[in-house]
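Before any comments, here is the structure.
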Amino acid sequence: MTQLTVTLDSAGITDVPGFEAAAVACDIREKHDLKRLDLALLFSLRPCTAAGTFTKNAVKAAPVLLCQKHLADGGPFHGIIANSGNANACTGPDGLRDAQATAQRAAASLNLKPASFFVCSTGRIGQPMPMPRLLKGLERAVTEKGRTSDHGNKAATAILTSDTRPKTVTVSFTYDGKKHFVSGIAKGAGMIQPNMATMLAFLATDFSVPRSFLQKTLSEAVAGTFNCITVDGDMSTNDTVLMLANGHSGVSVGDKSPRELRVLFAEAVWKACEALADKIVSDGEKITKVVEVKVAGAASAEDAEKIARAIGNSLLVKSSWYGEDPNWGRLADAAGYAGAKLVEAKLDILYNDTPAMTAGRPHAELKPKWKEIVKARRFAITLNLHLGKAAFRLLASDLTEGYVNYNKSE
């Protein structure tokens, strides 16, 4: 059986043959900082098919609207331009013109069509984009692009906002004697509860993939990874996941491909998204804990998700995680108000594998074990409702005074 290799701290997009990257400092934050990278260009030498998922927030940033339009136009596509420091959200018609101008400048510089470029932004909402700085920087990025690991890592750094570290992954496997790649980069630390899907993620592969199959594969992966994380319960105006397939390998994967290849490709995309989603939660703003919330035995998938999110977004629960207090009563409370079917007399709650409640009856004698478990940076909480077969898994974080201090002003 072919094995997938997952490299968590890779060069990102430039690991995929045929893809180049660049990153430059434009001072988009307008803080007179000419050292902080804030504009990334991801570029494929070959035309690509593309897929994307976007925020369901009714307030969508101008770049999201432009990306959705370009994706609907059908391509072919050649790249992604992404900036940090300014979200270009709530900026009206001017914001849309700025996003269009960004795609137009890249296209003119590379003798391509504007619709072959996606534009993404992340940062502060409601601020006009400093276009002269951005366009000047974009010209530099076009001339400086390359496919070394340094190019890839700098591009992953340029899209960061409150993140403390870049987020990259490469998944590879060999099929029929050829090595193939699915690589990605992401950013996100605060305003994180995607629902598509301030997070951005960009993936690339050297397979040739029909548009519909690529979209189906990406949408399924996003639903089970990026859409199953939360830091603070806030959905961004800019959430975007994009995937480009450039066909550099000469191998196609689609509905008519051998089942083994289809499964391997889908698993590679899933693992890349899963790794990046985990990195986002693990780098949540000022967090100290990552908690895996697992709900099993629910009457429906909707019920399982409601309970997991009620727990993962409860301020009381998140505060107790920070305080390393195994206050499982708060878990039961949140589960009870989630609006899902629940029978207290059937409910089991466990910290890792140690029960706190079985069939509605507490295990007070095990409190020392719970306290030891919640001291770890990562632990799991499981609720089994014993009402059905549906389940849901959510990665969540704690809530610290550091988060409040960091976000009380900009």
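None of the figures in this text is laboratory data; all of them are computed from the coordinates on show. The structure displayed is predicted, hence computed values, not measured ones. A quick note on method: Cβ atoms are made from the backbone with ideal geometry, for glycine too, and the neighbour counts reach across all protein chains shown.
Its Cα gyration tensor gives region 1-134 an equivalent ellipsoid, and the semi-axes of that ellipsoid, as √(5λ) in whole Å with the largest first, are 25, 19, 16. For region 290-407, the relative contact order works out to 46 percent when only alpha carbon pairs closer than 8 Å and six or more residues apart are counted. The modelled label-to-label distance for the pair residue 148/residue 164, using points 7 Å beyond Cα in the direction of Cβ, is 2.9 nm. Rounded to the nearest 5, the antiparallel percentage of DSSP beta bridges internal to region 49-166 is 10%. Working note: Debye formula, equal point scatterers on the alpha-carbon atoms of region 222-374, no solvent; log10 I(q)/I(0) at q = 0.09, 0.19 Å⁻¹ is -0.41, -1.22.
Straight-line reach from residue 145: which aspartates and glutamates have Cα under 17 Å away, leaving out those fewer than 8 places along the same chain? Partners within reach: 15, 20, 38.
Charge dipole of region 290-407 (Cα centre as origin; +1 on each Lys and Arg Cβ, -1 on each Asp and Glu Cβ, all else neutral): 160 debye, rounded to the nearest 20.
Of all lysines in the structure, those lying under 19 Å Cα to Cα from residue 408, and not within fewer than 8 positions of it along the same chain, are 286, 318.
If R0 is 41 Å, the Cβ-Cβ spacing of residue 36 and residue 352 corresponds to a FRET efficiency of close to 0.55.
Restricting attention to the chain, close to 70% of DSSP beta bridges with both partner residues there are antiparallel. Separation of the alpha carbons by more than 28 angstrom is noted, of 60/136; 56/136; 187/216, for 56/136.
Restricting the chymotrypsin sites (Phe, Trp or Tyr not before Pro) of region 308-372 to loop positions (DSSP other than H, G, I, E, B) with no more than 10 neighbouring Cβ atoms within 10 Å leaves nothing.
Extension gain, residue 256-residue 216: 0.36 nm per intervening residue step, less the Cα-Cα distance, totals 13.0 nm. The simple Förster model, with R0 at 51 Å and r as the Cβ-Cβ distance, assigns residue 316 and residue 72 a FRET efficiency of 0.75.
Taking a ≥ b ≥ c as the square roots of the eigenvalues of the Cα gyration tensor, region 290-407 is oblate, since a/c reaches 1.5 or more and a/b is not larger than b/c. Of the trypsin sites (Lys or Arg not before Pro) found in region 19-66, those that fall in a DSSP loop while having at most 15 other beta-carbon atoms within 10 Å are 31, 35, 56. Relative protection proxy for 230-238, 262-270, 13-21, 139-147, from highest mean packing down: 13-21, 230-238, 262-270, 139-147 (other beta-carbon atoms within 10 angstrom).
The modelled label-to-label distance for the pair residue 6/residue 371, using points 7 Å beyond Cα in the direction of Cβ, is 3.4 nm. The helix-only estimate of mean residue ellipticity at 222 nm for the chain, built from DSSP H runs of length n ≥ 4 each weighted as -39500 (n - 2.57), is -10500 deg cm²/dmol after division by the residue total.
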